[in-house]
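Trainee: Before we start, here is the structure in question, set down as C-alpha cells.
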Amino acid sequence: MRYVNNPPNPWLSARHEWIGEPPEAKLEVFEETATRSIITSNNSPDIPFDYSVNCYRGCPHACTYCFSRPTHEYLGFGAGTDFERKIVAKVRAPELLRSEFMKKGWKGDVLVFSFTSDPYIPLEANYQLTRKCLEVCLEFRNPVSLITKSALVRRDLELIKQLSVEASAMVHFTIPFLDHDVNRALEPFAPFPEHRFAAMKAFADAGVEVGLGIAPVVPGLNEHEIPELLERARDAGAKSAFINLLRLPGNVEPYFLERLQEKMPLRAKKIVSRIREVKGGVLNKSAFHERMRGEGPFWEMVKKTFEIHTRRLGLNHDKYEMKERRRTFRRPSAQGSLFDF
C-alpha cells in the first residue's frame, strides 16, 4: 500500500509500495483466542483511570487522529488503513474477564470500556463481546465506565441501567465536532453528532450518568464549537465534560496530515500552524505530563472557554468533591449466592 495511506510499520524490515493506485482496502476480521488477561493496567499519570478492557483491536470508525493507531503495528499491521480495515476480535474476552474477577487480587475497581478501540464498533452487533463482558460485570457487580462514539450503545441501555443500580455505570460520549463536513473528513465512519447526543439523552432519561468528551480539540479547527457542544450535552442530560488536546504519536502524524490536506486543503496550513503553536513548535510531544497538554496564549484561551462554559451550564459541579465509592463487587459462589471478597 502507499506509505501515506498506510505508513510503513517501523518494526518490519520488508516494505512494499504499489506502482499506481493501490487497491481499495477491504475489511478483514481476525479472531484472537488470547489466553492472557483481558484487563489492561494503566501506569500513565496522564490517564485518569487504572484499568480498562478492550474487546477489539483496530476501529472501523477510521478517525484520522486516533492516538491508538500505532498499537496495530505491534501486530505486524500498519497504523493507517490497516487500523481501520484489519479488525481483531478478542473472542474469549468475556471468559477471560470472568477468570480475572475470580482471582483474589481483583478488588472491584472501575473498569473502563474501552481505550484503544471503541467498545461499540459495528462488529459488536454480531460478536456482542462488550455486551457479554458487561453481563459479567453485572454478575459480579463490578462498576464500569464506557467511552464511545457509537449509537449502538443504546442496544445495551437496560443492561447498563441495571449495572448503574447494582454497582455503578457511566457513559461518556466522545463528540469533538458539530460540523458534518468536518465529521466526515476526520471521523469518516463514526455516527453523526446528533445521533450521539440522542443516545446520550436516552441514557440520561433512563437514569444513567452521562458525560461529554470533546476529544480531541484540534487547534484552529473546533475550539469555537466548545460552547455549543457543552450546551447540547447539558440539554441531553450530561453532568460532566472533559477536553483532550490532539495527540499525533508515531505514524498517526503523517496519516493525519495527509488526510487533513486531502479533505481540508484550504484550512490545513492554519490548523498545522496552530498545533505547532500550542505544542512549543512541534506536532507531538511524547513525554508524560506534556503529551496531552498545550501551552501558550491560544491554548489558555481554549481552556478558559471550556471552564467558563462548564461553569455557566452547571457541568462538572462536583468534580472536586471527594466521594466515597460504595464497594459493590462480589464473587458468586457455586450455589449462586454472593459473598464478600
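The values are calculated or read from the model by the stated rules, or taken from the named source; none is laboratory data. Quick caveat, the model's predicted, so the values are computed rather than measured. Neighbour counts run over all protein chains shown; Cβ positions are idealised from the backbone, glycine included.
Trainee: Please pick out the residue among Ile175, Ile147 that is closer than 25 Å to Val88 by Cα, in contact with a His (Cβ under 8 Å, 6 or more places away or on another chain) and either surrounded by fewer than 23 Cβ atoms within 10 Å (Cβ to Cβ) or among the β-branched types (Val, Ile, Thr) (or both).
Mentor: Ile147
Trainee: Can you tell which of Lys319, Lys285 is at pLDDT below 80, over 17 Å from Glu223 (Cα atoms), within 25 Å of the chain's Cα centre (by Cα) and not acidic (Asp, Glu)?
Mentor: It is Lys319.
Trainee: Say whether the condition of being in contact with a Ser or Thr (Cβ under 7 Å, 6 or more places away or on another chain) and at pLDDT 95 or above is met by at least one residue in region 9-25.
Mentor: No, that holds for no residue.
Trainee: Pairs, please: C-beta under 6 Å, at least 6 apart or cross-chain, first residue on the phi < 0 side of the Ramachandran plot and in region 87-99, second surrounded by fewer than 16 Cβ atoms within 10 Å (Cβ to Cβ) and of a type in the set (Asp, Glu)?
Mentor: Short answer, once both residue conditions are applied: Val88/Glu32; Ala89/Glu31; Lys90/Glu32; Val91/Glu31.
Trainee: Restricting to region 167-186, give me the number of residues that are more than 25 Å from Arg330 (Cα to Cα), among the polar types (S, T, N, Q) and not in a helix (DSSP H, G or I).
Mentor: 1
Trainee: Moving on. Kindly indicate the residue of region 26-41 that is part of a strand (DSSP E or B) and touching a residue at least 40 places away in the same chain (Cβ under 8 Å) and also surrounded by the most Cβ atoms within 10 Å (Cβ to Cβ) among those meeting that condition.
Mentor: Ile39
Trainee: Is it true that some residue in region 124-135 is surrounded by fewer than 21 Cβ atoms within 10 Å (Cβ to Cβ) and over 21 Å from His61 (Cα atoms)?
Mentor: yes
Trainee: Now a separate question. Against the condition crowded, with 24+ Cβ neighbours inside 10 Å, under 24 Å from Ala151 (Cβ atoms) and touching a Pro at 6+ places or on another chain (Cβ under 9 Å), how does Arg69 come out, does it pass?
Mentor: yes
Trainee: Being at pLDDT 95 or above and aromatic (Phe, Trp, Tyr) is the filter here; which residues of region 26-56 pass it?
Mentor: Phe30, Tyr51, Tyr56 - these are the residues of region 26-56 that are at pLDDT 95 or above and aromatic (Phe, Trp, Tyr).
Trainee: Just checking, does region 50-58 include any residue being among the β-branched types (Val, Ile, Thr) and without any contact (Cβ under 8 Å) to a residue 60 or more places away in the chain?
Mentor: No, every residue in region 50-58 fails to be among the β-branched types (Val, Ile, Thr) and without any contact (Cβ under 8 Å) to a residue 60 or more places away in the chain.
Trainee: Something else about it: In the set Ala125, Ala93, which member is farther than 24 Å from Ile47 by Cα and of a type in the set (A, V, I, L, M, F, W, C)?
Mentor: It is Ala125.
Trainee: Would you call Pro193 free of Cβ contacts under 8 Å to residues at least 60 places away in the same chain, in contact with a His (Cβ under 9 Å, 6 or more places away or on another chain) and within 18 Å of His61 (Cα to Cα)?
Mentor: In short, yes.
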